[in-house]
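A.B. asks: Before we start, here is the structure in question, set down as structure tokens.
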Amino acid sequence: MNNLIRILIADDHPVFRQGLRQIIETDPQLKVSAEAADGEQALARLQDTTVDVAMLDLTMPLKDGFAVAREARELRLTVPLIFLTMHKDEHYLHAALDLGVRGYVLKDSAITEIASCLKAVVAGQDYISPALSSYLIRRSNRAASLAAAKPALEQLTPAERRVLKLIAEGQTSRTIAAELGIGIRTVEHHRNNITTKLELHGSHALIKFALQHQAEL
């Protein structure tokens, strides 16, 4: 089957993995090609197994879902990631989206949502459990308010916007340079441009602004 979607499941509960596999594979387009019992195994499978999408439990031994997502990004792995979690907290969702996670599904609704989520993410779309839609609306409203308060954000280049998001994650110029594959001087140049365009004043103004508005950037 040419359009078969190959999936990695990472969860530390074998019974849950088995049940999830059974649910997923009731759809003939979906196939679980790999499994992992912890975050380190998940990261290894992402590197040595050909899959189209990875579904990660947010809380796993050794490395949690956030750690796996960060390291996958640092390794420039292109497999889209979905978090499957019991956490309904808004800050977890924002942190996942900030890391580029493409799907966020609550475990208590996985039975009805998982197939749709997998297909949407592989098709290049984002999927968030509908139960969390109010969080996305608030996130969108805050982003619109920030854009109105700081219209100069639209003047930032894609590279400057990426640097700003990484600053918001607490990264230093050195780690930003390593992640983006550019020199530290180039990062500092971007930081100076951002500070000037946004009219931020003071030695820590850029960091303070980025951290304060992380979810909206």
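Values quoted throughout were computed directly from the atomic coordinates according to the rules given, and no laboratory measurement underlies them. What you are looking at is a predicted structure, and each value in this text was computed from that prediction instead of being measured. A quick note on method: Cβ atoms are made from the backbone with ideal geometry, for glycine too, and the neighbour counts reach across all protein chains shown.
A.B. asks: For segment 64-109 and segment 8-40, what is the separation of their C-alpha centers, rounded to whole Å?
C.D. replies: 16
A.B. asks: Does anyone have the angle between helix 184-197 and the longest principal axis of the chain? Alpha-carbon axes, 0 to 90°, nearest 10?
C.D. replies: The two axes meet at around 70 degrees.
A.B. asks: Highest mean first, how do 176-187, 52-63 rank when packing is the count of other Cβ atoms within 10 Å averaged over residues?
C.D. replies: Sorting 176-187, 52-63 by mean packing, highest first, produces 52-63, 176-187.
A.B. asks: Would you mind telling me which residue in D126, D48, D38 has the biggest mean-square fluctuation in a Gaussian network model of the chain, where springs connect alpha carbons within a distance under 10 angstrom?
C.D. replies: Among D126, D48, D38, the largest GNM mean-square fluctuation belongs to D48.
A.B. asks: In addition: May I ask for the net charge around L156, where only other residues with Cβ less than 12 Å from the Cβ of L156 are counted and Lys, Arg are +1 while Asp, Glu are -1?
C.D. replies: Charge balance near L156 sits at +4.
A.B. asks: Here's a follow-up. Can you give the local net charge around T195? Use residues other than it whose beta-carbon is closer than 11 angstrom to its beta-carbon, Lys and Arg +1, Asp and Glu -1.
C.D. replies: -1
A.B. asks: Roughly what angle does helix 65-74 make with the longest principal axis of the chain, taking Cα atoms, 0 to 90 degrees, to the nearest 10?
C.D. replies: Its long axis makes an angle of about 60 degrees.
A.B. asks: Among 68-78, 8-18, how do they line up from the highest to the lowest mean number of other beta-carbon atoms within 10 Å?
C.D. replies: Listed from highest to lowest mean packing, they are 8-18, 68-78.
A.B. asks: For K107, go through the lysines and keep the ones whose alpha-carbon is under 28 Å away, minus same-chain ones fewer than eight residues off.
C.D. replies: K31, K63, K88, K119
A.B. asks: Same structure again: Let me have the 222 nm mean residue ellipticity of the chain computed from DSSP H runs of 4+ only, each contributing -39500 (n - 2.57), with the sum over all residues rounded to the nearest 500.
C.D. replies: -15500 deg cm²/dmol
A.B. asks: Helix 133-149 versus the longest principal axis of the chain: what is the Cα-based angle in degrees, 0 to 90, to the nearest 10?
C.D. replies: The angle comes out near 20 degrees.
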